[in-house]
Amino acid sequence: MKDTGIGISKEDIPRIFERGFTGYNGRMNKKSTGIGLYLCKKVLDKLSHKIYIRSEVGKGTTVKIDLSSTKLDIE
């Protein structure tokens, strides 16, 4: 997924998966709960998948979810 929004600062990137962390935009607009990326990461961890975030302030954010670790047992 990719957007062209305000982006996420380098200082915030390590914390974006913490429960309740909203970053600069969430703190300013007070419309964020800080639960979305936290829950996404928890679910992906349980399923042995990875999530990657790349962002640049003023240019946007790219989120990639790696599903390649999926092993299916077909009977």
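Coordinate-derived values only; no laboratory data. These numbers were taken from a predicted model, which means no experiment stands behind them. Ideal geometry is used to build each Cβ from the backbone, glycine not excepted, and the neighbour counts take in all protein chains shown.
How compact is the chain by the rule of thumb for globular proteins, expressed as Cα Rg over 2.2 N^0.38 Å?
Compactness ratio reported: 1.26.
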Residue-span extension gain [Ile35 to Val63] - 0.36 nm each, minus C-alpha spacing | 8.5 nm
Relative to the Cα centre, what is the charge dipole magnitude of the chain, using +1 at the beta carbon of each Lys and Arg, -1 at the beta carbon of each Asp and Glu, and rounding to the nearest 20 debye?
-> 280
Karplus-derived 3J(HN,Hα) from phi for the range 12-20 (6.51 cos²θ - 1.76 cosθ + 1.60, θ = phi - 60°), whole Hz, x at Gly and Pro, runs 7, 3, x, 9, 5, 9, 6, 4, x
When the chain is treated as a GNM, springs tying every alpha-carbon pair under 10 Å, which of Gly34, Gly60, Gly23 comes out with the largest mean-square fluctuation?
-> Gly60
Degrees separating the helix 36-46 axis from the principal Cα axis of the chain, which is the longest one = 20
Over the chain, relative contact order from alpha-carbon pairs under 8 Å, at least 6 apart, % = 39
Kindly flag which residue pairs out of Lys31/Lys64; Lys2/Lys46; Lys41/Lys64 have an alpha-carbon separation exceeding 22 Å in this structure.
-> Lys31/Lys64; Lys2/Lys46
